[in-house]
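Notes for the one structure printed next.
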Amino acid sequence: MKTTVLSPAKVNLYLKVLSRRPDGYHDLRSLVDLISLHDTIHIEDIGGDEIVVDDDRGILPRGEGNTVYRAVRMLREAAGVRKGVRVLIEKRIPIGSGLGGPSSNAATVLRELSERWELRLSSEDLNGIGSRVGADVPLFLHGGPCIMEGIGDVITPVRLPSMWYVITYPNISMSTKAVYEGLRIVLTKKQNDIKLMENFSTPRQIAGILENDLERVALTLCPQIQGIKDALQGTKALGSLMSGSGSSVFAVFENEQDAIQASLLSVIREMGTVFVAHSVQGGVN
């Protein structure tokens with residue numbers, strides 16, 4: 001049996017790092033939107049019990065260093081099955097971009113194999129597996145806009161307006177570990193938390209809360225991030241922000257036309273690889 005599924009990217013509209021945990025992870029609070037930029041994943045059952053994970057560009061690690069490989073291994077262990085599977089990932093979400101590609105890939109494969117193999121695992125079971133694979137996997141298992149807390153394993157669904165984005169990747173892969181190591185944590189202010197409890201009905205309201213604690217650190221590692229943000233100021237963008245731990249920068253637009261016009265500007269395109277995307281809920285169409 002062969003299937004093809006789509007694996008969406010995400011943007012962090014708000015990211016506040018609250019504290020460093022004894023285990024080295026960080027507690028955070030983030031407002032996340034899933035977007036139409038995606039990888040395409042082909043999944044095929046094979047004989048035996050081998051797990052084979054490849055990508056079309058040869059850029060992903062093999063074995064335990066690969067989130068999809070770990071996800072399949074942990075899923076089989078949790079369910080007590082030894083089925084063989086081959087996974088081929090057509091990569092479009094850049095690596096080290098802060099757009100969540102590896103976590104999305106893992107979540108997409110977890111959900112697909114759980115259904116295909118009729119494992120009857122609960123959402124809690126899948127989230128437990130996902131959180132061990134990677135901190136962002138649970139938000140992709142949720143499959144829609146959400147507030148994520150803890151290390152990313154506590155998910156609260158939210159309603160967001162549909163938005164258009166221009167995402168610019170400066171062709172520099174950012175190390176999440178390096179960014180967090182350079183972070184100086186300042187205790188979150190109460191009003192920052194309250195912002196996320198508001199009902200957002202327009203892209204302009206979302207633009208008013210854009211904030212990422214990791215951006216300042218990332219700028220020291222990748223100054224191009226500021227260059228992208230400066231270039232976007234000359235467009236109809238409502239606001240811009242680095243996503244996750246970088247290095248991609250996204251800009252929020254009120255409509256598709258404004259986003260496309262901005263994406264075609266030479267001052268934007270010379271900054272890196274440019275994508276136009278929109279909000280998605282419940283999967284990429």
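Points to keep in mind about this one:
- Restricting attention to segment 29-50, the residues that are under 29 Å from Gly182 (Cβ atoms) and touching an Asp or Glu at 6+ places or on another chain (Cβ under 7 Å) add up to 2.
- Within segment 31-77, being on the phi > 0 side of the Ramachandran plot and free of Cβ contacts under 8 Å to residues at least 12 places away in the same chain holds for Gly58, Gly63.
- Meets criteria (part of a strand (DSSP E or B) and more than 17 Å from Ile89 (Cβ to Cβ)) for Ile35: yes
- Subset of segment 39-49 [surrounded by fewer than 17 Cβ atoms within 10 Å (Cβ to Cβ) and over 30 Å from Pro161 (Cβ atoms)]: His42, Glu44, Asp45, Ile46, Gly47, Gly48, Asp49
- Residue check, Ser240 among the polar types (S, T, N, Q), crowded, with 19+ Cβ neighbours inside 10 Å and modelled with pLDDT of 95 or more: yes
- Within segment 1-30, restricting attention to residues that are in contact (Cβ under 8 Å) with a residue 40 or more places away in the chain and of a type in the set (S, T, N, Q), the residue that is surrounded by the most Cβ atoms within 10 Å (Cβ to Cβ) is Ser7.
- In segment 238-271, the qualifying residues are those that are in contact with a helix residue (DSSP H, G or I) (Cβ under 7 Å, 6 or more places away or on another chain) and assigned to a loop (DSSP other than H, G, I, E, B), and the one that is farthest from Leu31 (Cα to Cα) is Met271.
- Output for segment 122-180, where each listed residue is of a type in the set (Asp, Glu) and in contact with a Lys or Arg (Cβ under 9 Å, 6 or more places away or on another chain): Asp136, Glu149
- Selection of segment 99-133 for residues being closer than 25 Å to Ile225 by Cα, in contact with a helix residue (DSSP H, G or I) (Cβ under 8 Å, 6 or more places away or on another chain) and not in a helix (DSSP H, G or I) yields only Gly100.
- Residue check for Ser36: under 18 Å from Gly244 (Cβ atoms), of a type in the set (S, T, N, Q) and buried (at least 20 other Cβ atoms within 10 Å of the Cβ): no
- Residues satisfying the stated conditions in segment 234-252, i.e. touching a Ser or Thr at 6+ places or on another chain (Cβ under 8 Å) and either assigned by TED's automatic domain parsing to the domain that holds Leu28 or more than 16 Å from Ile93 (Cβ to Cβ) (or both): Ala251, Val252
- Check on Val52, at pLDDT 95 or above, closer than 21 Å to Ile167 by Cβ and in contact with a strand residue (DSSP E or B) (Cβ under 8 Å, 6 or more places away or on another chain): no
- When restricted to residues that are buried (at least 16 other Cβ atoms within 10 Å of the Cβ) and either of a type in the set (Val, Ile, Thr) or in contact with a Gly (Cβ under 6 Å, 6 or more places away or on another chain) (or both), segment 70-94 contains 5.
The values are calculated or read from the model by the stated rules, or taken from the named source; none is laboratory data. Everything numeric in this text was worked out from a predicted model, so none of it was measured. Cβ: placed from backbone, ideal geometry, glycine included. Neighbour counts: every protein chain shown.
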